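The values are calculated or read from the model by the stated rules, or taken from the named source; none is laboratory data. None of the values given here were measured: they were computed from a predicted structure. Cβ sites come from the backbone with ideal geometry, for glycine too, and all protein chains shown count toward neighbours. Accessible surface areas use protein heavy atoms only, side chains included; no ligands, DNA or RNA. Shrake-Rupley method; radii C 1.70, N 1.55, O 1.52, S 1.80 Å.
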Amino acid sequence: MLCRAGGLDRRDVLAGLTGVAAGGLNLAAESSGTDVCLRGDKIMDLHLSCHPSGSSPCPSPPSSPFSIVNFTPPTGPVRVRQPAHLADAGLVDKYKLALARMRALPDSDPRSFASQAAIHQAYCDGHYQYQVPIRPVPGGGMPPMPLQPPSAFDVHFSWIFAPWHRMYIYFYERILGSLVGDDAFALPYWNWDAPSGMALPEMFKDPASPLYDANRDPTHVDAYVVLDYIKGGDPVPFDPVAVQQHRYNQVVKDNLATLYNQMIRQGRGARCFLGERFCTSLEVNQASGTAGTLESKAHTGVHIWLGDASKCTTGYDGAQHCDNDMGFLGTAGRDPAFYSHHANVDRMWHIWADQLGGHRGFEDPEWLDTSFVFYDETPRPVRVRVRDVLDVAALGYRYEEREPLQWLDCRPTSRRAPKDTTTGTGGAARARMPAPVFPLRLRVGRNVVVPCVRRPTRNGKKGELQVLVFDAVEFDPCRDAKFDVVINVAPEVAGGVTPQWVEYAGSFVNIQRGGAKPGETIVVMVQLPVEDVFDDIGVVGDVDAVNVVLVPRTEGITILRPPTIVSQKC
Ligand SMILES: [Cu+2]
């Protein structure tokens, strides 16, 4: 085992999570001191309208709203999704044939590859606009809030991310199966969480294949994927028996540790893992949600890692967006690898819900009754709700596990700093380290210590965890952005603290998105569960403050207010 946790086996990990999951059952519609959403809403196609733009048309709209049917679970054979790097020649040939036929359909056909790719673009590049509906007021009279202008709608960066993408690839898979007359056809998944799958699967690399896409970073197609990727660093050639044994191990260890963080250490509850509720009523420039770790970690890393910085396109906003195809959400659906990447993101959600203690997600009807319309293979528009897609068995597919889940055993154990720089009341640290001034503009290479951030020393309510909260992080949505957070480490060495170290507390990450106006910034709340970090570094009992160290990985981020530590559900 590459990085087995000392003294902790898989049974302990699972047993430890069961208690968390039990608390997580009550997550529905919770509000907390850090809930800044004035009003959420369940999203339906009725609230969304698509606005085509020049070269970026809307996906084929339903011919009539009356022809939309409600989703019913499939009754055909079970589709078995296999790891792409272990797929047999029969599956690869079938997928190639299906995709060749999908590409051959006229663009106007909703089953065509162009239309399928346009669905993703439309839902994240500003084509869809969201209109906050007016609700009747009890007793009559004017609604409590004036009608707001429509705002760009995005299926990323909130609790909509996981269910929407499950729906999207589910219908993509059904359409492919129907094009080859096989109702058991299943999408291969890109098994980047297993060391042998940590590279672009072979089936996508042949330039003569319909599975190929020319817009990929040429230095990365044969390299180890870096799941905690932002940009930079030398790619490590992918070869399980590589001569660069030391670096090979580092990449794999970092990836497994990133997954442990995403799935377990920081995926402690639905809000942390699936993202915050989609918010429709906010102050100007406030983000409509926050991504969970399912979205912000390996998912985003792989997108940015595969995109080619030299390939650019004009977004709906009129601005140039590079890192095509995968590194810009507006073009990501044009790369066939996207769908296998998202099959693995979907599998990660399934494992989290099914195996890691039985996480249920949210019980809030606002989430469960959110619905979208997709074309099926007939093609016929089908309305599908979040509550319809929570169980993959009911959707007629399953994931074939061929490799052990090595990341389950990769709890970080190494300590970077042998001694805390903050002790007790933190008085000494306060005297040594002046507090930074907020708003704080982050600069790459200048790590910042926020000394002596107070933590609650008494246990919170049942099911609550200690969470580090940045209530206002401002950034340019059209640029990739990242900063890491580590606890009680000297700033000179903080840059080397990766997810492998116990002091790593998480990251804020943005993948460039469309739909914004030039120069526009948005503000998002970032919450990092730090309970495990505190336990591991010995911040327990009456230790009432820690040093929070910020490690900027990109330019262009401003933290408007100092972080706080609160007890809340996660
Ligand atoms: Cu997406």
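Highest mean packing comes first when the peptides 506-514, 459-467 are listed by Cβ atoms within 10 Å, giving 506-514, 459-467.
The amide H of GLN286, built 1.01 Å from its N in the peptide plane, has VAL523 as neighbours under 5 Å, considering only residues 5 or more places off or on other chains.
Shape verdict for the range 173-226, please, from the Cα gyration tensor: rounded (a/c under 1.5), prolate (a/b greater than b/c) or oblate. Here the range 173-226 falls in the oblate category. Partner lysines whose Cα lies under 30 Å from the Cα of LYS96, excluding those fewer than 8 positions away in the same chain, are identified as LYS205, LYS297, LYS311. A simple count of charges around CYS124, restricted to other residues whose Cβ falls under 11 Å of its Cβ and scoring Lys, Arg +1 and Asp, Glu -1, yields -1. Near ILE557, the amide H atoms lying under 5 Å from its own belong to LEU442; only residues 5 or more places off or on other chains count, and H is placed 1.01 Å from N. Phi angles of the range 329-336 translate, via the Karplus equation with coefficients 6.51, -1.76, 1.60 and θ = phi - 60°, into HN-Hα couplings of 4, x, 10, 4, x, 7, 9, x Hz per residue; Gly and Pro are given as x. For LEU200, the shell of other residues with beta-carbons less than 9 Å away shows a net charge of 0, using +1 for Lys and Arg and -1 for Asp and Glu.
Can you check what the net charge comes to around ASN215, using other residues whose Cβ is under 14 Å from the Cβ of ASN215 (Lys, Arg +1; Asp, Glu -1)? Residues near ASN215 contribute -2 overall. Extension gain, THR564 to CYS312: 0.36 nm times the residue separation minus the Cα-Cα distance gives 86.8 nm. Here the Karplus curve 6.51 cos²θ - 1.76 cosθ + 1.60, taken at θ = phi - 60°, turns the phi angles of the range 92-105 into couplings of 4, 4, 5, 5, 4, 5, 4, 6, 4, 5, 5, 5, 7, 5 Hz, with x standing for Gly and Pro.
At 1.4 Å probe size, with no ligands or nucleic acids counted, give the accessible surface of SER151 in Å², nearest ten. It works out to around 60 Å².
If you count, for each residue, the other Cβ atoms within 10 Å and average over each peptide, how do 70-82, 178-190 line up from highest to lowest?
Averaged packing, sorted descending, gives the order 178-190, 70-82.
Among 368-377, 111-120, 522-531, the peptide with the highest mean count of other Cβ atoms within 10 Å heads the list, and the full ranking is 111-120, 522-531, 368-377. Got a sec? Charge dipole of the range 65-134, +1 on Cβ for Lys and Arg, -1 for Asp and Glu; which of TYR128, ALA87, PRO73 is way out at the positive end? Positive-most Cα among the choices belongs to ALA87. For the range 276-341, a/c is not less than 1.5, where a ≥ b ≥ c are the root eigenvalues of the C-alpha gyration tensor, and a/b does not top b/c. That puts it in the oblate class. In this label model, GLU202 and GLN250 are separated by 2.9 nm, measuring between points 7 Å along each Cα→Cβ vector. In sequence order, the range 216-233 has phi-based couplings of 9, 4, x, 7, 10, 5, 10, 10, 5, 5, 10, 6, 9, 6, 10, 6, x, x Hz under the Karplus curve 6.51 cos²θ - 1.76 cosθ + 1.60, θ = phi - 60°, and Gly or Pro positions carry x. Label-to-label distance for GLU520 and SER108 is 3.3 nm, based on points extended 7 Å past Cα in the beta-carbon direction.
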